[in-house]
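Data first, discussion second: the structure below is written as structure tokens.
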Amino acid sequence: LEVRRFPKRSNIVPRPLASPVSGHGRPAAAMQRPYGATATYGQSQAPTSQHQLTSNRPGKATAGRSGFQFLAVAVAIMVPWLTFTVNLAVLSFSMRYRHPGLCWFVVELTACLVAVSGITALVIVRHSRSGEASRDPTWYLVTFACLALAWCLGLAFGLVNYGARMAHVYDVTSLATYPSVNPAKTSGSQLLDVGRAIFTQGSHVNSGLSYGFFSDSTRYCVAPIVAGDEPMASYDLWAVGTNCCSGSQAGGDFECGSVSNSESRGGVRLMDESAGRFYRSAVQQVELSTGIRANHPVFFTWVADPIVEINRLQDSGLRFFLYSTFMFLAFQLFVVALVVIRKSAREFGK
């Protein structure tokens, strides 16, 4: 018998025929594979799009979020603080006195900034609720709230600083300064443009001719400024103050300003016309009760040195401005720090 030996069957799977090659040197089947299909071993992988390459890089996404957070924090701190500072500055200092129209135009511009911030925050919040927004609306809301507060506080503090200090400074310094005024030889008509006056040696306030005119729970006190003890033809220069004399009879105590200082011989012009009419009424009462004459009364606040007094008031307004800006900056840093801590705790909890 003849035994035929067949070769052992091989386990090697025959290689399929090669697909036609595309112009780029890759199999056409690989080039036509649907997007998202996974290639098996030995097959070519279709090139991934640029969007997929960048979206699969967590480092760049994290860096982008960190950059936005840093910018949002900087804006939330600086923009409200600058708004507060600008409003306080233009409403406190010389721009309001010399160019009031420009001053209020700047305030209106900052109000427009607040409005734009509010509209932007509203749009971002609406998109966030509908799922269309890719950014957290928290910083937009914080910036808008701080901007609105900064605008209101800057307006209020500026009005207070100007009304209590700087308006009087600019009113007085815009007038003339008279260095040697003799009350016995100078009439009120010669001092119509006076802002500050330094009186001659021996000038003082005659408390014996003082009077207090009472109106609306306020006593308006007046006493003439004299040179020596000799009677004068007309008592035109008067030291004034409120609630600093005893009664409504001519004569008595007068403790307004720096009367108690024997070295004082200076006066700062009274610029409040609303109070001036009450002081004129008091002078008229003195004329009726004592028989003296006051043809052209001019009112002063009695001080030791009028130049030093106005400089002190000006320095007080500048200190108020600086303290206010620093305090608001500290408040802004505190608020932003609270928001950052809260957001960090929320993200850590996730």
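With a probe of 1.4 Å, find how much accessible area the stretch 198-337 has per residue, and write the answer as a whole number in Å².
On the way: 7020 Å² over 140 residues.
Result: 50 Å² of accessible area for each residue.
Under the Karplus relation 6.51 cos²θ - 1.76 cosθ + 1.60, θ = phi - 60°, what is the ordered set of whole-Hz ³J(HN,Hα) values for the stretch 162-171, x standing for Gly and Pro?
Here the 3J(HN,Hα) series is 5, x, 7, 10, 6, 4, 5, 4, 5, 5 Hz.
Post the alpha-carbon centroid distance, the stretch 163-191 to the stretch 237-303, in whole angstrom.
15
Quick query: amide H of F214 versus all other amide H atoms, modeled in the peptide plane; which residues come in under 5 Å with a sequence gap of 5 or more or a different chain?
Y220
Note down the accessible area of W81, probe 1.4 Å, to the nearest 10 Å².
Number for this one is 50 Å².
Gain in length, A164 to H296, computed as 0.36 nm per residue apart minus the alpha-carbon separation, to one decimal in nm? Walk me through the numbers on the way to the answer.
Numbers: separation 132, 0.36 × 132 = 47.52 nm, distance 2.78 nm.
This chain segment gains 44.7 nm when fully extended.
How large are Rg and Dmax for the stretch 223-350 when calculated on the C-alpha trace, in angstrom?
Just the Cα atoms of the stretch 223-350 yield Rg and Dmax of 25.6, 90 Å.
By how many nm would the segment from V116 to N182 lengthen if fully extended, with 0.36 nm per residue of separation less the alpha-carbon distance?
Working: separation 66, 0.36 × 66 = 23.76 nm, distance 6.05 nm.
That pair, V116 and N182, stretches by 17.7 nm at full extension.
How much solvent-accessible surface does L109 expose, in Å² to the nearest 10, with a 1.4 Å probe and all protein chains in place?
Here the residue's solvent-accessible area equals roughly 90 Å².
Quantify, in whole percent, the carbon and sulfur part of the accessible surface of the stretch 250-350 (1.4 Å probe; protein heavy atoms only).
On the way: 3370 of 6040 Å².
Within the stretch 250-350, the accessible surface is 56 percent carbon and sulfur.
When all protein chains stay in place, what accessible area (Å², nearest 10, 1.4 Å probe) is found for Y97?
80
Only residues of the stretch 149-184 count here: report those whose backbone N is under 19 Å from the spot 7 Å along Cα→Cβ of L318, or say none.
Those under the cut-off are 158, 161-174.
Taking amide hydrogens as modeled 1.01 Å from N in the peptide plane, which residues meet the under 5 Å criterion relative to Y178, leaving out close sequence neighbours?
Residues meeting the criterion, in which the H sits 1.01 Å from N, are G195, R196, A197, I198.
Kindly write out, for the stretch 204-213 in residue order, the coupling ³J(HN,Hα) from the Karplus curve 6.51 cos²θ - 1.76 cosθ + 1.60 (θ = phi - 60°), rounded to whole Hz, with x marking Gly and Pro.
Values, residue by residue: 7, 9, 8, 5, x, 10, 6, 7, x, 9 Hz.
Can you list residues from other chains, or at least 5 along the same chain, whose modelled amide H is less than 5 Å from the amide H of V298?
Those lying under 5 Å, H to H, from V298 are L237, W238.
Suppose the chain between S344 and S189 were pulled fully straight at 0.36 nm per residue; how much longer would it get relative to their current alpha carbon spacing? Each step should come with its number before you reach the end.
Numbers: separation 155, 0.36 × 155 = 55.80 nm, distance 7.18 nm.
Length gained between S344 and S189: 48.6 nm.
The values are calculated or read from the model by the stated rules, or taken from the named source; none is laboratory data. Nothing here was measured: the structure is a model prediction, and the numbers come from that model. Ideal geometry is used to build each Cβ from the backbone, glycine not excepted, and the neighbour counts take in all protein chains shown. Areas reflect the complete protein model, heavy atoms only, side chains present, ligands, DNA and RNA absent. Shrake-Rupley method; radii C 1.70, N 1.55, O 1.52, S 1.80 Å.
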